[in-house]
Amino acid sequence: MGQKVGQLLVGLSLTVILVVMLGCGQKDAKEINLNDTKRLDSCPSELQGASLRIAMGSMITPKEGYFYYEKIKRYLEGELGRPVQLIDRGNYGEVNQLLKTAGADAAFVCAGPYVEGRAEFGLELLAMPVVNGKPEYCSYLIVHKDSKMKTYADLRGKSFAFSDPQSNSGKIVPTFLLSRMNETPGSFFRKFIYTYSHDKSIRVVAEQMVDGAAVDSLVFDHLAKNNPEYTSQLKIIQKSLPYGIPPVVVRPGLPAETKERLRTIFLRMHENSTGAGILKGMNIDKFVAGDDSSYNSIREMKRSLGQQQREKR
């Protein structure tokens, strides 16, 4: 199983992403395999209004748990009585663009892209997963288990992996922490890269391709519990404060009836034996309606970073 997971994680570098669901985005209207490297740039007009399109921008499981997306897709189809299609995109920005242009109806996104999409084009919060009793998560700063580094400051002059430019746990939080040290990624690290996947960030540190990374606690904890091949090679040197968890969102303009029906399905999923089984496999207790104010701390970090950038110009 470990070898299989490792091979799949390597394949993720060619595709990726990443919070969950509806999609159409390919010319032949077939379901998307995450190992398929084709770019899926259009949604056939004949499917508009027929299929509910869900983009996979983030989720609390790593990409090796893709089959849970398929389970959720089938569950939603049964509850909605209509087709559901999955869309995969390579980064959070592309997912937000789909939601902005009505190329997707809903998505599982990271907290950072939700905040950005909310401000830019009115992205709407649909539901928040609850994990270990709370709808929150944090950012882990990780290094190899054999490393002598014990604090973030010890990474000065080292190599580092961010997940995605819009990721809260994988970019915003660690960049904000650097700003408190009067540093930027460019001034602090010898070099830094973007992996576009928390799974891959975990792998590149475990394989000592970079010295450290910032990753989603939900993904790390899921791997540590279920497939610790890479996490067993790591240690967490710092945990951030908790933030609003990566949510399920819907595009602005989605018909109110569809939106409320979808919200109800998520909120009652834990009461259904099939739905509860899916949630258990994903380490989710249940979904709650949530509160947009849960993401205010992320907004404050982004505002602070933006102000600092303006002052340096």
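For segment 255-313, enumerate the residues that are surrounded by 12 or more Cβ atoms within 10 Å (Cβ to Cβ) and of a type in the set (S, T, N, Q). Once the filter is applied, which keeps residues that are surrounded by 12 or more Cβ atoms within 10 Å (Cβ to Cβ) and of a type in the set (S, T, N, Q), segment 255-313 yields Thr258, Thr264, Asn272, Thr274, Asn283, Ser294, Asn296, Ser297, Ser304, Gln308. Given the conditions (1) modelled with pLDDT of 95 or more; (2) surrounded by 22 or more Cβ atoms within 10 Å (Cβ to Cβ), report the number of the one that Tyr194 does not fulfil. Going through (1) modelled with pLDDT of 95 or more; (2) surrounded by 22 or more Cβ atoms within 10 Å (Cβ to Cβ) one by one, Tyr194 breaks only (2). Taking (1) within 13 Å of the chain's Cα centre (by Cα); (2) buried (at least 21 other Cβ atoms within 10 Å of the Cβ); (3) within 26 Å of Arg303 (Cα to Cα); (4) not small (Gly, Ala, Ser) in turn, Asp88 satisfies each apart from (3).
Looking only at segment 157-211, how many residues end up being in a loop (DSSP other than H, G, I, E, B) and β-branched (Val, Ile, Thr)? Matching residues across segment 157-211 total 3. For segment 295-313, the criterion of being in contact with a strand residue (DSSP E or B) (Cβ under 8 Å, 6 or more places away or on another chain) and among the small types (Gly, Ala, Ser) is met by at least one residue.
Just so you know, in segment 119-148 the residues that are more than 19 Å from the chain's Cα centre (by Cα) and under 15 Å from Ala224 (Cα atoms) include one that is surrounded by the most Cβ atoms within 10 Å (Cβ to Cβ), and it is Val143. Taken as a whole, the condition of being modelled with pLDDT under 95 and farther than 25 Å from Gly170 by Cβ applies to Lys280.
In this structure, does Val219 turn out to be buried (at least 23 other Cβ atoms within 10 Å of the Cβ) and touching a strand residue (DSSP E or B) at 6+ places or on another chain (Cβ under 8 Å)? So that I can check it myself, show each step before the final result.
Working: buried (at least 23 other Cβ atoms within 10 Å of the Cβ): yes; touching a strand residue (DSSP E or B) at 6+ places or on another chain (Cβ under 8 Å): no.
Judged against the criteria, Val219 is not a match.
Hey, can you tell me all the residues within segment 101-130 that are more than 18 Å from Met56 (Cβ to Cβ) and either in a loop (DSSP other than H, G, I, E, B) or of a type in the set (Val, Ile, Thr) (or both)? Once the filter is applied, which keeps residues that are more than 18 Å from Met56 (Cβ to Cβ) and either in a loop (DSSP other than H, G, I, E, B) or of a type in the set (Val, Ile, Thr) (or both), segment 101-130 yields Val115, Gly122, Val130.
Those strands (runs of 3 or more DSSP E) of segment 232-307 in which at least 2 residues are within 20 Å of the chain's Cα centre (by Cα) and closer than 24 Å to Ala104 by Cα, considering only elements entirely within it, cover 248-250, 286-288.
The values are calculated or read from the model by the stated rules, or taken from the named source; none is laboratory data. This one's a predicted model, so the numbers in the text were calculated from it and none came from an experiment. Virtual Cβ from ideal backbone geometry, glycine too; neighbours counted across all protein chains shown.
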